[in-house]
Amino acid sequence: MEEAGPDGWPTVDAALAEVRKSLQPDRLSRIACEPGAPSWAGLAPYHTIVAACGNFTRWSCVQGGRGRVLAVRWCEDIERQVQARGAVTLQLGADDTDGRTTLFGADLYPDVWAHVTAIRNLGRHPYEFYQKLGFVITGVVPDANGLGKPDILMAKRVCHGPLPCGA
């Protein structure tokens, strides 16, 4: 299983609690159950239910062709849902806790952007998948998950038309 969130959950109960929280009225949740490979995407509002920004809270998806198709469909669906709620931007964090980018293990200070502009994918990190869907890297939180384990911040404008949109 591929996980874009921090190291997963320590127990099944913790995972189920996170999924239950995602079922609250102000959140979006998508679940797919395939034999041996359940997948889930959760989205929490960044500000309010009619958010200026939606934020993926957790994302788990099966690797491979079918998993990638499911992930694309989920992203498209979530984009439509946050547009309908008046969102302008959809954002996510793509942690690197296992060395899949050149940001892992690096001391990103003091020139964080030099590292971000030189980022390379070393092992199927999902940031390139999100880039193909129109997301851009908007920042990074160095050491977000421990020393040398950053969170790569990405966002995508989901309103269409002339600026300012969503107002």
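Counting Lys +1, Arg +1, Asp -1, Glu -1, what net charge surrounds HIS115 among other residues with beta carbon under 15 Å of its beta carbon?
Every neighbour counted, the sum reads -2.
Nearest 0.05, what FRET efficiency do GLU18 and ASP111 give at R0 = 25 Å with Cβ-Cβ as r?
Given R0 = 25 Å and the Cβ-Cβ separation, E is 0.10.
Treat each spin label as a single point 7 Å out from the Cα along the C-beta direction, and report the ASP98 to ASP77 distance in nm.
About 2.4 nm separates the two model spin labels.
Every read-out reported here was derived from the displayed coordinates using simple, explicitly stated rules and does not represent laboratory data. Every value quoted in this text rests on a predicted model; they were computed, and no experiment measured them. Backbone-built Cβ (ideal geometry, glycine too); neighbour counts: all protein chains shown.
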